[in-house]
Amino acid sequence: MKADRILFGHVAFLALLLAASFALPAYHHANLTRVMVLAVFAMGYNIAFGYTGLLSLGHALFFGAGMYAAGLGATLGGWSGMPALLAGIAAGGLVALVTGLLALRTTGTAFMIVTLMFAQAGYLTILHNGDITRGDEGLVLPDAARWLGGLNLADESTRFFVAFAVFALALIGSLLIVRSGLGRVLVAMRENAERARMLGYDPFRYRLIALTISGLYAGTAGALYGLGFGYVGAGFAGIQYSILPMLWVLMGGAGTVLGPFLGTLVMFYLVDLASGITTATLGVIGAALLALVLFAPKGILGTLREKALPWLP
């Protein structure tokens, strides 16, 4: 009964999100498309950090791998949207797997530093090979590469519905993962890895699984972002895109399924509104994060779960 209520609640949320899109003005409709794609990225980070306890500063590498696999496949290989998207998903997962095989030999602060080093190495590689990647200038994708099957991602309405479909699949997938036996083991790794080891679970193996799944999500988001908005640039592989998903997850509630979307939405509009009022946008963001730490240290949904909705996954 509880599981049915949770599944129904998330499906109802998706239905409300879809219905709201028809009432939104064009500006907010376009913003919601961007938020949903970035929320997929945040959901992947949440699986690694929120549920498994892996504090990574290297997720820009996975996001960038997905974006560049799709973008270079489209510009250099002449691929259409679907092969480019699949290449991006695979690239994100593969890079996360390789990174995890090396970085997961460390834990805690050392893991965070090692993942940051990997991400920076990836960013510098993009800049160094500017004759192919065009570095900070980036690549504008040809229109032919932005067709996903029979769907033209250059069209704003089509782009929204594709982003919604991918977001919905990612959300339900995340819910199924965290409610499964695998999800419970990942939470056990977060809470006490040594005790989980005593019960017969290999921390390295399960952390590697979590990081690889996280990379698949990040690669999906990166590829879809590049194809959807027609641009691939080195800035998306920079340190900013390792910090942003962490902030989105912390804002919405680490270890909650809907937290990454809520955090991405709140942070996106906080930046949007602040930039129209002051040039000190980072000061506003800092104040918001300070208020979060003081009054809702577990994030918006994490605090709500603690105080009123203990069944919230």
Checklist entry - Which helices (runs of 4 or more DSSP H) sit wholly inside segment 28-133 and have at least 3 residues that are open to solvent by 60 Å² or more (accessible area, probe 1.4 Å)? => result 81-103, 108-128
Checklist entry - Tell me, which residue of segment 228-249 that is out of contact with any Phe, Trp or Tyr (no Cβ under 9 Å at 6 or more places or on another chain) and assigned to a helix (DSSP H, G or I) is nearest to SER174 (Cα to Cα)? => result LEU247
Next on the checklist: Just to be sure before I move on: is THR303 over 27 Å from ALA91 (Cβ atoms), over 22 Å from the mean Cα position of the chain (by Cα) and not aliphatic (A, V, I, L, M) in the structure I sent?
Outcome noted: no
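Determine which member of the set ALA221, ALA145, ALA210, ALA237 is more than 30 Å from LEU270 (Cβ to Cβ), of a type in the set (Gly, Ala, Ser) and crowded, with 16+ Cβ neighbours inside 10 Å. First the steps, then the outcome.
Numbers: ALA221 fails: more than 30 Å from LEU270 (Cβ to Cβ); ALA210 fails: more than 30 Å from LEU270 (Cβ to Cβ); ALA237 fails: more than 30 Å from LEU270 (Cβ to Cβ).
None of the other options fit; the residue is ALA145.
Could you please find all residues in segment 179-237 being of a type in the set (S, T, N, Q) and more than 22 Å from THR106 (Cα to Cα)? Show your work before the answer.
Initial filter on segment 179-237 (of a type in the set (S, T, N, Q)): 180, 192, 212, 214, 220.
Those that are of a type in the set (S, T, N, Q) and more than 22 Å from THR106 (Cα to Cα): SER180, THR220.
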Next on the checklist: Checking the structure you have, find out if any residue of segment 240-250 is in contact with a helix residue (DSSP H, G or I) (Cβ under 7 Å, 6 or more places away or on another chain), within 30 Å of ASN152 (Cβ to Cβ) and among the hydrophobic types (A, V, I, L, M, F, W, C).
Outcome noted: yes
Checklist outcome for this item: Among helices (runs of 4 or more DSSP H) entirely inside segment 251-313, those with 2 or more residues being of a type in the set (A, V, I, L, M) and over 22 Å from PHE49 (Cβ atoms) are 259-275, 281-295
Next on the checklist: Looking at VAL162 and the list (1) surrounded by 19 or more Cβ atoms within 10 Å (Cβ to Cβ); (2) over 22 Å from PRO245 (Cα atoms), which single condition is not satisfied?
Outcome noted: (2)
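The values are calculated or read from the model by the stated rules, or taken from the named source; none is laboratory data. Only a predicted model underlies this, so the values are computations on that prediction, with no experimental measurement involved. Cβ sites come from the backbone with ideal geometry, for glycine too, and all protein chains shown count toward neighbours. Surface accessibility is based on the protein's heavy atoms, side chains included, excluding ligands, DNA and RNA. Shrake-Rupley method; radii C 1.70, N 1.55, O 1.52, S 1.80 Å.
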